[in-house]
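Working notes, beginning with the structure itself.
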Amino acid sequence: MDKPFLTVAVFVVTAVPSLLQFVIPGLEPALMRDPAAIAGGEWWRLGTALVVQDGGVLGTLFNLGFLAVLGYVAERALGPARWAVLYLSGAVVGEAAGFLLDQPGAGNSVALCGLAGGLVLVGGAERVSYERALGAFYAVVSGAWLPAASGDTWGWVVTVVLVVAASQLVARRESLPGWLPVAVFGVAAVVLMALRDLHGFALLGGLAVGWISNARFPLLPGRTSPA
């Protein structure tokens, strides 16, 4: 089995500043997505916002754990090239949505939602594999994290519904049709977008790039089954 070198590299690059922000005052505000600062020329914040977290200790541990688990699963199933493209798709779409919607913040969860959104689509004509089902579970839980953490009532409702639906994808993965995770992701993306949750935009971006990469373009070589 191939070693998940890309996942490890991205984990280290993300984890170091994410943890340092708790001992270096001002690090997170200096790197976070700040639409006003970006409009003023600090465009690099669109990238640095991915390596610090705005969810406190719990949110930071959740995002880093999500990166370790889903990153390993995705790199094993898809290979590093598609991993990178899908991760970046979530990052670009999520950060762009945050800027256009004037939402300051930080965190790598948008990139991970793009990764998992694409993971569930690549090889989608086949039966749902364990890797894609697990990816669906983690992506949907992460996608619902922000509205739930905000204390919004509808956010909690969305969280419960999506977690139950995703858990069923995992539990019944052998008997479900391959299109079902795509449908769940599509609904999740639309609902989260309606809530102005950036994770919904990132999920949609991952679905779009996953659909394109599913055409087996030479630029995006990958595996349709784990090694």
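The values are calculated or read from the model by the stated rules, or taken from the named source; none is laboratory data. It should be emphasised that the depicted structure is a prediction, and the values quoted were computed from it without experimental measurement. We place every Cβ from the backbone using ideal geometry, glycine too, and count neighbours over all the protein chains shown. For accessibility, only protein heavy atoms count, side chains too; no ligands or nucleic acids. Shrake-Rupley method; radii C 1.70, N 1.55, O 1.52, S 1.80 Å.
Just a few scattered comments:
- Considering (1) at pLDDT 95 or above; (2) within 21 Å of Gly117 (Cβ to Cβ); (3) not basic (Lys, Arg), the lone condition that Leu19 does not fulfil carries the number (2).
- Residue match in the range 8-22 (condition: of a type in the set (Val, Ile, Thr) and touching a Ser or Thr at 6+ places or on another chain (Cβ under 7 Å)): no
- Selection of first residues in the range 10-22 that are under 23 Å from Val85 (Cα atoms) and of second residues that are in a loop (DSSP other than H, G, I, E, B), restricted to Cβ pairs under 6 Å at least 6 apart or on distinct chains, gives the following pairs, ordered by first then second residue: Thr14/Val51; Thr14/Asn108; Pro17/Val51; Pro17/Val52; Ser18/Val52; Ser18/Gln53.
- Residues (charged (D, E, K, R), at pLDDT 85 or above and either surrounded by fewer than 16 Cβ atoms within 10 Å (Cβ to Cβ) or under 15 Å from Arg82 (Cα atoms) (or both)) located in the range 175-224: Arg196
- Pairs meeting the criteria (first residue in the range 93-110 and outside any helix (DSSP H, G or I), second residue of a type in the set (Ser, Thr, Tyr), beta carbons under 6 Å, at least 6 apart or on different chains) are Asn108/Thr14.
- Residue pairs whose Cβ atoms lie under 6 Å apart, separated by 6 or more positions or on different chains, with the first residue in the range 63-83 and among the basic types (Lys, Arg) and the second in a helix (DSSP H, G or I) and open to solvent by less than 40 Å² (accessible area, probe 1.4 Å), are Arg82/Ser213.
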